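Below is one structure; the comments refer to it alone.
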Amino acid sequence: MTYWQADMETMSRADLEKLQLKRLKETIQTAGNSTFYNKVFKEQKITPDSIHSLEDLKRIPFTTKEDLRNNYPFGMAAVPIQKCVRLHSSSGTTGNPTVVLHSAKDIDEWANQVARCMYMVGLRNTDIFQNTSGYGMFTGGLGFQYGAEKLGALTVPAAAGNSKRQLKFIADFGTTCLHIIPSYATRLAEVMQESGIDPRRDTKLHTVCIGAEPHSEEQRKRIEELLGVKAYNCFGMSEMNGPGVAFECKEQNGLHIWEDYVIVEIIDPITLEPVPEGEVGELVLTAINREAMPLLRYRTRDLTRIIQGKCACGRTHKRIDRFKGRSDDMLILKGVNLFPIQIETILMKFNELGNNYLITIENDEMQVEVELSDLFTDDYSQLQRLTKEVTRQLKDELLLTPKLKLVGRGSLPVQEGKAVRVKDLRKF
Ligand code: ADP
Ligand code: ZN
């Protein structure tokens, strides 16, 4: 079995849209069995037969995270619970948690999706794949595990943290590929350096799959440089299975979003109307290849755009751009709207700056703390020059002047799991 699925991946747009329409109708049939969609479809008079084209998708109202919360735990289930074999749940720090259910077929399709992504970036059954994601509710663990096993790679479920052990596994097992979140990738590279390990000389690593949190192109380049690998961006979210929804191909210019699995829309989050093709808006996804809990027109809150034109790799599935952030990540400060990723993009341009940073907002003032890298020589005038130059570039980008604090390596907190880059004290 090869996971270069040419018939699907290079299907003509017309055939792809025909397949989407067929799967959409089937999904409406299935979803109608859930308490939630049963009510929605009745109100809107939606039946599979009333959907004649993909345009008709717009007749279906959006589904939101709030809907998932309100229907906790099983109100979105479209099949009897006995038919489900897995449940993933997000933490309920703000209200009810959310639940995502999977049937055996869903798990198999999801694994296929991940295997397809891995094959696309050159991974094969001869690779040794180490997954540094937390296992458990975080879908980056089991999602990649099943996908990598399906590909046939020797899969090491190392799980998160314990960098010394990660490095020992990489060395002893001859790991060639990691799945790793970007903030941990740079951290692991630092530990390598501290342990005198040169990844090019001492390891067989050639590829890393990075995702689960926003990161800039500059951070990707750093990861590639530090670990001596190619780094590919992977997008996933629990509500749409998890990792593998969209993935970069070798061109590294946008993530192919698998349109035999999802229908993609980009909307203006205020007017809820589609944005002109190519403009940034909120990603809205309709799952068309799931049975236990298909979500229709799900508002992801993630901001991206469609990259226009054909991809040189030959795949016909649309490409989405690296995320600008989530609509709820946007900071409004002194009337200026900005995203943390804009700050990261500037910081990562400076070799003298390290990989860890923290943005604190208090009383409408922004403080950016960033660690220095080992390239910084302990020189006071250099520190002053650097502070001035970074501040100037931040000001040009953000149109406001943050207070910049350069701090020693290792002095900012590190998280196990997704990095928390912003502390907004106005919210407490
Ligand atoms: P998972 O358990 O797979 O991390 P979650 O549902 O917890 O899924 O988180 C999904 C969210 O993580 C997305 O909506 C998005 O905001 C963020 N995310 C996932 N992948 C990426 C990526 N490659 N780039 C930026 N943000 C990402
Ligand atoms: Zn491509």
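A short reminder: the numbers here are calculations on the coordinates, not readings from a lab. These numbers were taken from a predicted model, which means no experiment stands behind them. Methodologically, a virtual Cβ is constructed for each residue, glycine included, from the backbone with ideal geometry; neighbour enumeration extends over all protein chains shown.
Over 31 Å between C-alpha atoms is what I'm after, so list which of K349/K423; K324/K403; K168/K405 land there. Too far apart for the 31 Å limit: K168/K405. For the pair segment 24-47 / segment 285-305, the C-alpha centres are spaced 15 Å from each other. Note on the chain: antiparallel DSSP beta bridges, both residues inside, total approximately 60 percent of the bridges counted. Which is farthest toward the positive dipole end of the chain among Y3, M76, L188, measuring Cα position about the Cα centre, with Cβ charges +1 (Lys, Arg) and -1 (Asp, Glu)? In the chain, that residue is M76.
Estimated at 0.36 nm per residue, the fully extended path between S373 and K250 surpasses their Cα-Cα distance by 41.3 nm. Separation of segment 347-381 from segment 389-428 is 7 Å, based on Cα centroids. Between K395 and D364, the C-beta separation translates, for a Förster distance of 22 Å, into a calculated FRET efficiency of about 0.85.
For the pairs K65/K395; K65/K418; K221/K427; K22/K58, note any where the Cα-Cα span goes beyond 26 Å. Table pairs above 26 Å Cα-Cα are K65/K395; K221/K427. Placing unit charges on the Cβ atoms only, positive for Lys and Arg and negative for Asp and Glu, gives segment 367-411 a dipole magnitude near 220 debye about its Cα centre. Think of the chain as a dipole: +1 on every Lys or Arg Cβ, -1 on every Asp or Glu Cβ, centred on the Cα centre; then among L272, L331, Y37, Y37 lies furthest on the positive end. Here the Karplus curve 6.51 cos²θ - 1.76 cosθ + 1.60, taken at θ = phi - 60°, turns the phi angles of segment 252-269 into couplings of 6, 9, x, 9, 5, 9, 6, 7, 7, 9, 9, 9, 9, 10, 10, 10, 6, x Hz, with x standing for Gly and Pro. Using the Karplus relation 6.51 cos²θ - 1.76 cosθ + 1.60 with θ = phi - 60°, the per-residue 3J(HN,Hα) values for segment 279-289 come to 8, 6, x, 8, 6, 10, 10, 10, 6, 10, 9 Hz, with x marking Gly and Pro. Convex hull volume of the C-alpha atoms in segment 331-424, normalised per residue: 94 Å³. Residue separation of K403 and R59 scaled by 0.36 nm, minus their Cα-Cα distance, works out to 119.0 nm of gained length.
Highest average first, the peptides 173-186, 103-116 ordered by how many other beta carbon atoms sit within 10 Å of their residues are 173-186, 103-116.
Within straight-line reach of K310, meaning a Cα separation under 12 Å, sit the following aspartates and glutamates at least 8 residues removed in sequence or on another chain: E251.
The aspartates and glutamates within cross-link reach of K150, meaning a Cα-to-Cα straight distance under 15 Å and a gap of 8 or more places when in the same chain, are D106, D108, E109, D127. Rounded to the nearest 20 debye, the dipole magnitude of the chain is 480 debye, with +1 charges on Lys and Arg beta carbons, -1 on Asp and Glu beta carbons, and the Cα centre as origin. Listed peptides 375-386, 118-129 appear in the order 118-129, 375-386 once ranked by packing, highest mean of other Cβ atoms within 10 Å at the front.
Per-residue Karplus couplings for segment 352-362, computed as 6.51 cos²θ - 1.76 cosθ + 1.60 with θ equal to phi - 60°, are listed in order as 6, 9, x, 9, 9, 9, 9, 9, 10, 10, 9 Hz, Gly and Pro entered as x. Taking a point 7 Å out from the Cα of R201 in the direction of its Cβ, none of the residues of segment 324-351 has a backbone N less than 17 Å from it. Kirkwood radius and radius of gyration were both taken over the C-alpha atoms of the chain, and their ratio Rg/Rh is 0.97.
Computed on the chain, with alpha-carbon pairs under 8 angstrom and 6+ residues apart, the relative contact order is 14 percent.
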